[in-house]
Amino acid sequence: MNKIYLDQASTSFPKAPSVAQAVYDYLAGSAVNVNRGGYRAAYSVEEQIFETREQLLKLFHFTSGKGKNVIFTENITASLNVLLKGLLKPGDHVLVTAMEHNAVMRPLVQLEKHGISFDRIPCASDGSLLLDKAAALLRPETKLVVCLHASNVCGTVMPAQEIGNFCKEHGLLFILDTAQTAGTLDIDMEKYHIDALAFTGHKGLRGPQGTGGFLIRNELAVQIEPLISGGTGSASHSEEVPAFLPDRFEPGTPNVPGILGLHAALCDLEKQSMEEIRQHELMLTQYFMDGILNLDPEEKFLRIIGKKNTENRCAVVSVQTLHMDMAQAAFELDSTYGIMTRVGLHCAPNAHKTLGTYPKGTLRFSFGSENTKQELDIALDALSALL
């Protein structure tokens with residue numbers, strides 16, 4: 001049985017062609033550390049990591065930033081924790097959307113116990129942001145807006161530029177979670193007035209798991225207390241945390257093989273057209289939704305959650321099976337047809353409440369640049385047989 005991977009919103013597969021080779025070459029060839037070796041091999045690795053920072057500056061159009069403004073972490077969740085827990089103080093107020101992932105919400109709920117408060121900007125039943133409702137939620141102590149760029153549940157894309165304009169108008173900081181959009185949507189830190197952009201390396205960028213980070217403006221970086229501290233290989237005469245970037249937020253040995261794998265993935269992405277990738281993924285998204293509606297025009301057995309078109313969305317389609325347990329459907333898709341999906345609440349309970357799918361959740365299909373119409377035909381045939 002051939003396996004069909006339709007869980008790209010969890011992690012990309014296959015990875016970019018050169019990723020595994022880059023990781024292998026490093027581990028088998030030298031596996032030296034960075035910022036800690038006074039020899040040529042270490043300098044060569046440091047140069048590749050510097051190049052990766054430069055690639056990310058370019059990818060996100062951070063023209064006023066430098067390589068030092070790119071901070072590596074183990075994943076986007078770690079990035080958001082560093083930013084939120086290092087920045088917010090008792091009394092601060094935060095705005096989020098009603099579609100947030102737990103990578104944002106769990107840190108905020110933790111901080112709520114220490115005097116932080118937050119409000120959710122309402123969203124429509126398809127996940128679209130009702131930004132005109134945001135001004136009424138502002139308080140004198142409101143400090144920032146932090147939100148995802150696109151929903152991992154239904155694919156709806158938030159209007160990042162409009163949110164950035166709102167933040168600039170009201171003197172707020174803007175932190176953007178790009179877990180579902182980096183590598184498939186063109187994101188401009190300058191145009192969108194983004195103060196910090198959190199990214200993951202293993203989804204749209206098609207790098208290895210265990211890679212991520214954030215891009216941050218100097219004005220915000222000085223306000224953030226490091227979440228973790230330790231050796232950096234720099235300023236070793238002092239027991240104080242370095243004040244300079246990126247060392248201030250990068251203590252300990254970094255994930256060098258992961259970063260070099262990400263470097264290879266970014267090199268691969270630079271050879272492609274991001275717009276062509278996006279159009280291919282949206283074509284698959286519409287094709288799949290049309291196929292579901294052809295199977296069940298009145299949605300008696302299978303209901304698409306959110307929009308039924310590709311306007312302002314990424315390549316995620318969630319459905320509810322109305323006469324079959326969704327976990328059972330996911331199991332049958334995998335065991336009988338080799339189709340890999342994700343079922344449940346997707347670490348985003350409030351998104352499901354907004355969409356009307358809580359507490360059952362949804363069966364999620366998500367597509368990437370390597371998926372094909374033929375694979376989706378097999379998935380549609382499987383759904384037809386099951387339902």
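The values are calculated or read from the model by the stated rules, or taken from the named source; none is laboratory data. The model shown is predicted, which means the values in this text are computed figures rather than measured ones. A quick note on method: Cβ atoms are made from the backbone with ideal geometry, for glycine too, and the neighbour counts reach across all protein chains shown.
The number of residues in region 1-30 being in a loop (DSSP other than H, G, I, E, B) and either in contact (Cβ under 8 Å) with a residue 60 or more places away in the chain or under 27 Å from residue 152 (Cβ atoms) (or both) comes to 15.
Is one or more of the residues making up region 157-165 among the aliphatic types (A, V, I, L, M), touching a residue at least 60 places away in the same chain (Cβ under 8 Å), touching a strand residue (DSSP E or B) at 6+ places or on another chain (Cβ under 9 Å) and farther than 17 Å from residue 217 by Cβ? Yes, because at least one residue in region 157-165 is among the aliphatic types (A, V, I, L, M), touching a residue at least 60 places away in the same chain (Cβ under 8 Å), touching a strand residue (DSSP E or B) at 6+ places or on another chain (Cβ under 9 Å) and farther than 17 Å from residue 217 by Cβ. Residues being in a helix (DSSP H, G or I), buried (at least 22 other Cβ atoms within 10 Å of the Cβ) and either touching a His at 6+ places or on another chain (Cβ under 8 Å) or of a type outside the set (D, E, K, R) (or both) are represented in region 330-347 by at least one member.
Conditions (1) closer than 30 Å to residue 275 by Cα; (2) buried (at least 17 other Cβ atoms within 10 Å of the Cβ); (3) of a type in the set (Ser, Thr, Tyr); (4) touching a Cys at 6+ places or on another chain (Cβ under 7 Å), marked per residue:
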residue	(1), (2), (3), (4)
36	no, no, no, no
39	no, no, yes, no
73	yes, yes, yes, no
77	yes, yes, yes, no
95	no, yes, no, no
103	yes, yes, no, no
116	no, yes, no, no
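Here residue 32 meets the list (1) surrounded by fewer than 19 Cβ atoms within 10 Å (Cβ to Cβ); (2) at pLDDT 95 or above; (3) among the β-branched types (Val, Ile, Thr) almost entirely, failing just condition (2). Would you confirm, using the coordinates I've provided, whether residue 241 is in the same structural domain as residue 75 (by TED's automatic domain parsing), farther than 30 Å from residue 311 by Cβ and surrounded by 14 or more Cβ atoms within 10 Å (Cβ to Cβ)? It is true that residue 241 is in the same structural domain as residue 75 (by TED's automatic domain parsing), farther than 30 Å from residue 311 by Cβ and surrounded by 14 or more Cβ atoms within 10 Å (Cβ to Cβ). Only one of the listed residues (63, 52) is exposed (fewer than 14 other Cβ atoms within 10 Å of the Cβ), farther than 30 Å from residue 377 by Cα, of a type outside the set (A, V, I, L, M, F, W, C) and modelled with pLDDT of 95 or more. That residue is 63.
In the condition set (1) out of contact with any strand residue (DSSP E or B) (no Cβ under 8 Å at 6 or more places or on another chain); (2) assigned by TED's automatic domain parsing to the domain that holds residue 145; (3) in contact (Cβ under 8 Å) with a residue 40 or more places away in the chain, residue 230 is compliant with all but (3). Annotation: residue 375 fulfils all but one of (1) part of a helix (DSSP H, G or I); (2) over 23 Å from the mean Cα position of the chain (by Cα); (3) exposed (fewer than 15 other Cβ atoms within 10 Å of the Cβ); the unmet one is (3). Comparison of 217, 206 shows that the only residue that is basic (Lys, Arg), under 17 Å from the mean Cα position of the chain (by Cα), surrounded by 15 or more Cβ atoms within 10 Å (Cβ to Cβ) and not assigned by TED's automatic domain parsing to the domain that holds residue 344 is 206. Of all the numbered requirements in (1) acidic (Asp, Glu); (2) buried (at least 16 other Cβ atoms within 10 Å of the Cβ); (3) under 27 Å from residue 129 (Cα atoms); (4) modelled with pLDDT under 95, residue 296 misses one, and that requirement is (3). Inside region 348-372, residues that are assigned to a loop (DSSP other than H, G, I, E, B) and within 17 Å of residue 150 (Cα to Cα) make up a count of 3.
Only one of the listed residues (282, 245) is of a type in the set (A, V, I, L, M, F, W, C), within 22 Å of the chain's Cα centre (by Cα) and modelled with pLDDT of 95 or more. That residue is 282. Given the criteria out of contact with any Asp or Glu (no Cβ under 7 Å at 6 or more places or on another chain) and within 29 Å of residue 212 (Cα to Cα), does residue 304 qualify? Considered against the rule, which asks whether it is out of contact with any Asp or Glu (no Cβ under 7 Å at 6 or more places or on another chain) and within 29 Å of residue 212 (Cα to Cα), residue 304 comes out as no.
When region 220-234 is limited to residues that are surrounded by fewer than 15 Cβ atoms within 10 Å (Cβ to Cβ) and out of contact with any helix residue (DSSP H, G or I) (no Cβ under 7 Å at 6 or more places or on another chain), the one that is nearest to residue 87 (Cα to Cα) turns out to be 222.
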